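Below: the structure, in structure tokens.
No lab work stands behind these numbers, since they all come straight from the coordinates. This is a predicted model, so every value here is computed, not measured. In this analysis, Cβ positions are derived from the backbone assuming ideal geometry, glycine residues included, and neighbour counts consider all displayed protein chains.
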Amino acid sequence: MIGYFDGASRGNPGEAGAGACIVGDGGEIVWECAEYLGVKTNNEAEYTALLRLLAEARSRGLNELEIKGDSKLVVCQVSRQWKINLPHLRKLAESAWQLMDGLDVKLSWTPREGNKLADALSNKAIDERETMA
């Protein structure tokens, strides 16, 4: 199975949404999430989307998961390739590490074109919030 995550922020910070999904081996969508986050930075939205995905994988008992996201910052920080200088992002990374503990997770960066479903979900969360307001 493959998990995808993406965050969106209209303004930075601005109205934000998190989108994530799990796709089965046959290409079917097993789970998806589109969550409005309020006012957040883009990086906070990206991290939140990854956390929602990891929590769902853990709740489903998925011990092995390939995860793709188009945020190089989140992928490289959570993979411990890049330093995390901002304390609030470090806390989010620590939450991701806790959720990943004991799981076989392969986290990789993908171009935006390879992350269309999660991108659409993150924007859907904001769009639906705006139409309800």
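Highest mean first, the peptides 61-71, 27-37 sorted by other C-beta atoms within 10 Å per residue fall in the order 61-71, 27-37. Rounded, prolate or oblate: which one fits the chain, using the alpha carbon gyration tensor with axes a ≥ b ≥ c (rounded when a/c is under 1.5, else prolate when a/b beats b/c, else oblate)? Because a/c hits 1.5 or more and a/b fails to exceed b/c, the chain counts as oblate. Each label point was placed 7 Å from the Cα along the Cα-to-Cβ direction; for Arg112 and Val39 their separation is 2.5 nm. Across the chain, Cα pairs under 8 Å and at least six residues apart give a relative contact order of 34 percent. In a fully extended conformation the segment linking Glu94 and Asn123 would gain 7.9 nm over its present Cα-Cα distance, using 0.36 nm per residue.
3J(HN,Hα) couplings calculated from phi for region 80-94 with the Karplus curve 6.51 cos²θ - 1.76 cosθ + 1.60 (θ = phi - 60°) are, in sequence order, 6, 8, 10, 5, 10, 8, 8, x, 5, 6, 4, 4, 5, 5, 4 Hz; Gly and Pro show x. Computed from the C-beta positions of Asp25 and Asn85, the FRET efficiency with R₀ = 41 Å rounds to 0.60.
Calculate, for Arg10 and Cys76, the FRET efficiency according to 1/(1 + (r/R0)^6) with r their C-beta to C-beta distance and R0 22 Å; round to the nearest 0.05. Given R0 = 22 Å and the Cβ-Cβ separation, E is 0.35.
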